[in-house]
1. Is it fair to say A:Ile63 is free of Cβ contacts under 8 Å to residues at least 24 places away in the same chain, among the hydrophobic types (A, V, I, L, M, F, W, C) and open to solvent by less than 20 Å² (accessible area, probe 1.4 Å)?
2. From (1) basic (Lys, Arg); (2) more than 14 Å from chain A (Cβ to nearest Cβ); (3) in contact with a Leu (Cβ under 6 Å, 6 or more places away or on another chain), pick out the condition that doesn't hold for B:Arg102.
3. Being more than 10 Å from the chain's Cα centre (by Cα) and at the interface with another protein chain (Cβ under 10 Å from one of its Cβ atoms): is that true of A:Glu55 here?
4. If you go through the range B:68-94 one residue at a time, how many are open to solvent by 70 Å² or more (accessible area, probe 1.4 Å) and within 24 Å of B:Tyr51 (Cβ to Cβ)?
5. Among residues belonging to the range A:40-84 that are among the β-branched types (Val, Ile, Thr) and part of a loop (DSSP other than H, G, I, E, B), point out the one that is nearest to A:Lys94 (Cα to Cα).
6. Is it true that B:Ser86 is within 25 Å of A:Tyr88 (Cβ to Cβ), of a type in the set (Gly, Ala, Ser), more than 14 Å from chain A (Cβ to nearest Cβ) and out of contact with any Lys or Arg (no Cβ under 6 Å at 6 or more places or on another chain)?
7. If you go through the range B:22-41, how many residues are open to solvent by less than 40 Å² (accessible area, probe 1.4 Å) and over 14 Å from the mean Cα position of the chain (by Cα)?
Amino acid sequence: GEQVEQLPSILRVQEGSSASINCSYEDSASNYFPWYKQEPGENPKLIIDIRSNMERKQIQELIVLLDKKAKRFSLHITDTQPGDSAMYFCAASKHYGNEKITFGAGTKLTIKP
Amino acid sequence: DPKIIQKPKYLVAVTGSEKILICEQYLGHNAMYWYRQSAKKPLEFMFSYSYQKLMDNQTASSRFQPQSSKKNHLDLQITALKPDDSATYFCASSQYRGSNERLFFGHGTKLSVL
């Protein structure tokens, strides 16, 4: 099955600066890459996703980049705020055969005031 | 107003006992899932159901048995509980089973096995 590697596992950035999380996947047939945010004691919530027909997607301060050749995708949070502190999970799945979504191990992001 | 209801929120069990985790979704989705989250393996896929039929099973142990009495229900029965089963169990749903479908998670049941 698909394997997703996520780095770093822990990330601390100054408020107002940018934060970047990187993921890589193994199966070149994967074509859907969602990102989930999980606050302490809460459930994971979808924040942004990108499909393989795109290279870049932005929703407000969230930017996702996809490099299909390198099998890498990344999340960039610009102008970070304290409310961005949370666990972030990347994931990958492929269309054919209705494969399950495979998650990365997660990144604990802390925004320093 | 949660659209995916999991009960109970917290559960303490004795080793060797049996428990049932309840999940109901009111999003009108046709696919439901169970995920497990622990310090060792964050967001580990367990089962997927589509139209009340088991589609994927990534759980090696038969001690974990999903049960679907209605399209919007997917309970998880765990027998012969072990301390290693301690984790937060998340129920999730999507419109249809398959990739490119956005998952919605419940708030989880935190299980502690003593």
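The values are calculated or read from the model by the stated rules, or taken from the named source; none is laboratory data. None of the values given here were measured: they were computed from a predicted structure. Ideal geometry is used to build each Cβ from the backbone, glycine not excepted, and the neighbour counts take in all protein chains shown. Areas reflect the complete protein model, heavy atoms only, side chains present, ligands, DNA and RNA absent. Shrake-Rupley method; radii C 1.70, N 1.55, O 1.52, S 1.80 Å.
1. no
2. (2)
3. Spelling it out, it is not the case that A:Glu55 is more than 10 Å from the chain's Cα centre (by Cα) and at the interface with another protein chain (Cβ under 10 Å from one of its Cβ atoms).
4. Of the residues in that region, 3 qualify.
5. A:Thr78
6. yes
7. 2
Conditions tested, residue by residue: (1) open to solvent by 30 Å² or more (accessible area, probe 1.4 Å); (2) away from chain B (no Cβ under 11 Å); (3) touching a helix residue (DSSP H, G or I) at 6+ places or on another chain (Cβ under 8 Å).
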residue	(1), (2), (3)
A:Ile10	yes, yes, no
A:Ala19	no, yes, yes
A:Glu26	yes, yes, no
A:Ser30	no, no, no
A:Gly41	yes, no, no
A:Pro44	no, no, no
A:Asp49	no, no, no
A:Lys68	yes, yes, no
